[in-house]
Amino acid sequence: MQQITTHPYRLEQKRYFNLLVTLFFKTKWYMVVLMASLLIFYIPKFSENAFASFAVIFGLLYIPLSIFRIYRWVYAKNNASYFIESVLTVDTSFLYFKDIADNETKISVASFVKMSQTEHEYLLYVSQNNFSYIPKSAFKTDEDRAFFEQVITENIVS
């Protein structure tokens, strides 16, 4: 059975924040369009009635408050475990995440429901909003990265 191990890697808080904000805009694009529509439609009527005032204020505050909520979550002390240096070991059936405190998490490859990737990382989803972060730079060789992609794509049911 083939097995690969990555270089140690770590998710930076700033990168995680940027990822979550990007994912927010990708998944909630319709809310952004709705807020822009509310603003365009109700700004001229702002002082005419209470609903128009509410719609404009809500439209102006929704996106900044959503981003602030993401910021608070990322930088909360309780979430420090997301940012610990880890090493990933991959075989044909499991992913083994081991952090610097020797805590190991074993996840069956079959439990991932989706893999997405950006220019610099893979996001492996075990549910709609819960993903594991693996930077492409953590792989030692292109062959290791190709093996990882093959193992994941063979096991994700489309």
**OP:** Collect the residues in the stretch 1-17 that are part of a helix (DSSP H, G or I) and open to solvent by less than 60 Å² (accessible area, probe 1.4 Å), keeping them in residue-number order.
**Re:** 16, 17
Subject >> Filter pass, residue 104 being over 15 Å from residue 82 (Cα atoms), charged (D, E, K, R) and open to solvent by 30 Å² or more (accessible area, probe 1.4 Å) >> reply: no
**OP:** Look at the stretch 132-150 and say how many of its residues are surrounded by fewer than 14 Cβ atoms within 10 Å (Cβ to Cβ), farther than 22 Å from residue 22 by Cβ and of a type outside the set (A, V, I, L, M, F, W, C).
**Re:** 5
**OP:** Kindly indicate whether any position in the stretch 50-73 is open to solvent by 100 Å² or more (accessible area, probe 1.4 Å), in a helix (DSSP H, G or I) and closer than 30 Å to residue 147 by Cβ.
**Re:** no
Subject >> Pair list, Cβ under 7 Å, 6 or more apart: the stretch 102-115 residue closer than 13 Å to residue 89 by Cα, other residue among the hydroxyl-bearing types (Ser, Thr, Tyr) >> reply: 104/96; 106/96; 108/93; 109/93
Subject >> Test: residue 20 is under 20 Å from residue 120 (Cβ atoms) and outside any helix (DSSP H, G or I) >> reply: no
**OP:** Just one of (1) within 15 Å of residue 5 (Cα to Cα); (2) open to solvent by 90 Å² or more (accessible area, probe 1.4 Å) trips up residue 129, so point out which.
**Re:** (1)
**OP:** Filter the stretch 26-49 for residues that are among the aromatic types (Phe, Trp, Tyr) and open to solvent by 80 Å² or more (accessible area, probe 1.4 Å) and give the result.
**Re:** 29, 30, 41, 46
Subject >> Search result, residues across the stretch 71-101 that are over 26 Å from residue 2 (Cβ atoms), touching a residue at least 60 places away in the same chain (Cβ under 8 Å) and touching a helix residue (DSSP H, G or I) at 6+ places or on another chain (Cβ under 7 Å) >> reply: 74, 75, 82, 83
**OP:** Just one of (1) open to solvent by 40 Å² or more (accessible area, probe 1.4 Å); (2) in a helix (DSSP H, G or I); (3) at pLDDT 90 or above; (4) not acidic (Asp, Glu) trips up residue 96, so point out which.
**Re:** (2)
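The values are calculated or read from the model by the stated rules, or taken from the named source; none is laboratory data. Since this is a predicted model, take the numbers as computed values, not measurements. Note that each Cβ is placed from the backbone with ideal geometry, even for glycine, and that neighbours are counted across all protein chains shown. Areas reflect the complete protein model, heavy atoms only, side chains present, ligands, DNA and RNA absent. Shrake-Rupley method; radii C 1.70, N 1.55, O 1.52, S 1.80 Å.
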